[in-house]
Amino acid sequence: MTTYKNFASAHWRKLIAGVAVGVLLTGCAMTPNGRGGVMVGLDTAELFGTPISTFRLRDGTEGTLRKDPQGKYSIKLSQAFRVVPLAKAITARVARVENVGERTVVIVETQERGCAYRYEVLAFQGTDVLQWTVGNCKDRPRVELAADAKSLNIDFPNVNRLSRMIYTDNRLLNASVAVPPGVDTRAQPFADDALRATGPVIATMPGSDSGRVIPAPPAAAPAPASAPKAGSRASARPRRQESQARAAPPATSLPVQRSAAPAAPMIFQAEEIKPVVIDLRK
């Protein structure tokens, strides 16, 4: 009997120890310390916090935007201990998730003190994360995925131009482009909650995938010319031209049809924005 009791108590001790280890592992998180290293601590957002939303990565794993009891926001992947902190956010939500190239790009809309709209652009590939912080604090951007799913345009209004950020091939490029016809940069809001256009669509431009071109307004019909008076020089000129046309020999070659010259491509300078690189395994 004593042997059985000892075995049972040892079994329960192992079981309790295993549960405790599981809780500790689940409730641990590693965060950057600002000096190139990390700090290991209790993941209060996992144990006591509130999950805001989840998103699925290209490899099938999940990420979760959470809020801890102190009001701090962070993102944690299901297969990683280290988290992506959103240190300055006082509100946060996942606004857009797109698979672009080999990565899953997640755009998180945040609010900071004195800044109504700030955006975290996060590009995930496994536990490797590229992070950029963008925004002008007053506008939501319009976001368009390219038809080939290899680039993503993020457009902010900028007076009479568009400030376009292009995510492609693990890089984020920033450029200033002309405003297409029909786009009102003064529209409020410039985009909806899903970061889609609220007004007229953006016309097809280099780097844009909308596939929709806003047609130009129809040309006004020319005003009819008043008939010249009989005997005037203007009335005599068509008769002279008509007689010259009759006297001209017939053309031996077919006339060349002139087509409208293609529009010149829009060329703009792009500047790369360096990312914060996070390895969630370390």
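Summary table below
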quantity	calculated
Residue satisfying all of: in segment 163-195; open to solvent by 40 Å² or more (accessible area, probe 1.4 Å) and of a type in the set (Lys, Arg); farthest from Ser151 (Cα to Cα) among these	Arg186
Among (1) modelled with pLDDT under 55; (2) of a type outside the set (A, V, I, L, M); (3) at positive phi - the single one Gly71 does not satisfy	(1)
Flag if Val97 is β-branched (Val, Ile, Thr), touching a strand residue (DSSP E or B) at 6+ places or on another chain (Cβ under 8 Å) and buried (at least 20 other Cβ atoms within 10 Å of the Cβ)	no
Close pairs from segment 125-141: first free of Cβ contacts under 8 Å to residues at least 40 places away in the same chain, partner open to solvent by 40 Å² or more (accessible area, probe 1.4 Å) and among the hydroxyl-bearing types (Ser, Thr, Tyr), Cβ under 8 Å, at least 6 apart	Gly135/Tyr117; Asn136/Tyr117; Cys137/Tyr117; Lys138/Tyr117
Test: residue in segment 109-116 that is touching a strand residue (DSSP E or B) at 6+ places or on another chain (Cβ under 9 Å), open to solvent by less than 10 Å² (accessible area, probe 1.4 Å), under 21 Å from Ala270 (Cβ atoms) and in a strand (DSSP E or B)	no
Qualifying residue in segment 119-142 (condition: under 11 Å from the mean Cα position of the chain (by Cα), at pLDDT 95 or above and among the hydroxyl-bearing types (Ser, Thr, Tyr))	yes
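The values are calculated or read from the model by the stated rules, or taken from the named source; none is laboratory data. Because the structure is predicted, anything quoted here is derived from the model rather than measured. Because the Cβ atoms are built from the backbone with ideal geometry, glycine has one as well, and the counts that use them run over all protein chains shown. To get the accessible areas, we keep the full protein, side chains included, count just its heavy atoms, and leave off ligands, DNA and RNA. Shrake-Rupley method; radii C 1.70, N 1.55, O 1.52, S 1.80 Å.
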